[in-house]
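The values are calculated or read from the model by the stated rules, or taken from the named source; none is laboratory data. This one's a predicted model, so the numbers in the text were calculated from it and none came from an experiment. Note that each Cβ is placed from the backbone with ideal geometry, even for glycine, and that neighbours are counted across all protein chains shown. Heavy atoms of the whole protein, side chains included, go into the accessibility calculation; ligands, DNA and RNA do not. Shrake-Rupley method; radii C 1.70, N 1.55, O 1.52, S 1.80 Å.
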Amino acid sequence: MKNKVLSSVLIFVLIFLSFFGGSYFEKQKAKSSPTPVISTIQNQTVIEVSEGDTFKLSDGKTFRLYGVNAPEVKEPYYEEAKAFTQNLVLGKEINFEQEDNYKVDKFGRELGYVIVNGVNLNIELVRNGLARVVLYEKRAKIKYQDELLSAENEARENKVGVWKK
């Protein structure tokens, strides 16, 4: 009987330590994970918008907003997302930020976050229900991840754009 009680206590202590020790080490890992390195590029003008999340720059390169996915042609809210982006950036000089690890996609498009007059286009598209957040599980946390997820929750709660049902 004494051995059973001792074994039960020992198992309980091990479970307790595993749970709280694991939580502690996960928090430490999160604290120590590197902050994404961002490069800022300026003085590019948007000359054409093809989709809500994709456009052409004055240097001839195609640029794709990182961390978001706007509706494709023939999907609901495609036209609204494209018009939103056109209104914000077409013919304007923009600044954009790029994560050092994710500067170009598999199609050769530049990837990043667009800032125009202090407004982050990536976040505003999501906030207005004109794009969804796209995160890749095996990649490091991206710079605007928290803001993007917060904007998506806001759009979902307000049932705007792609979240209308």
Answer residue from region 144-165, given it is more than 20 Å from GLU79 (Cβ to Cβ), part of a helix (DSSP H, G or I) and in contact with a helix residue (DSSP H, G or I) (Cβ under 7 Å, 6 or more places away or on another chain) and is most open to solvent (accessible area, probe 1.4 Å) among those: ARG156
Report, by residue number, each residue of region 118-134 that is part of a loop (DSSP other than H, G, I, E, B) and closer than 22 Å to LYS159 by Cβ. ASN128, GLY129, LEU130, ALA131, VAL134
Count - residues of region 118-143 that are open to solvent by 30 Å² or more (accessible area, probe 1.4 Å) and either closer than 22 Å to ILE94 by Cα or touching a residue at least 60 places away in the same chain (Cβ under 8 Å) (or both): 11
Can you report the number of residues in region 103-117 which are open to solvent by 20 Å² or more (accessible area, probe 1.4 Å), free of Cβ contacts under 8 Å to residues at least 40 places away in the same chain and either part of a strand (DSSP E or B) or under 28 Å from LYS164 (Cα atoms) (or both)? 2
Scan region 77-97 and tell me whether some residue there is closer than 15 Å to TYR144 by Cα, aliphatic (A, V, I, L, M) and buried (at least 16 other Cβ atoms within 10 Å of the Cβ). no
Give me the residue from region 43-65 that is modelled with pLDDT of 95 or more and among the acidic types (Asp, Glu) and, out of that set, surrounded by the fewest Cβ atoms within 10 Å (Cβ to Cβ). GLU48
Filter result (at pLDDT below 95 and on the phi > 0 side of the Ramachandran plot) within region 113-160: ASN117, GLY118
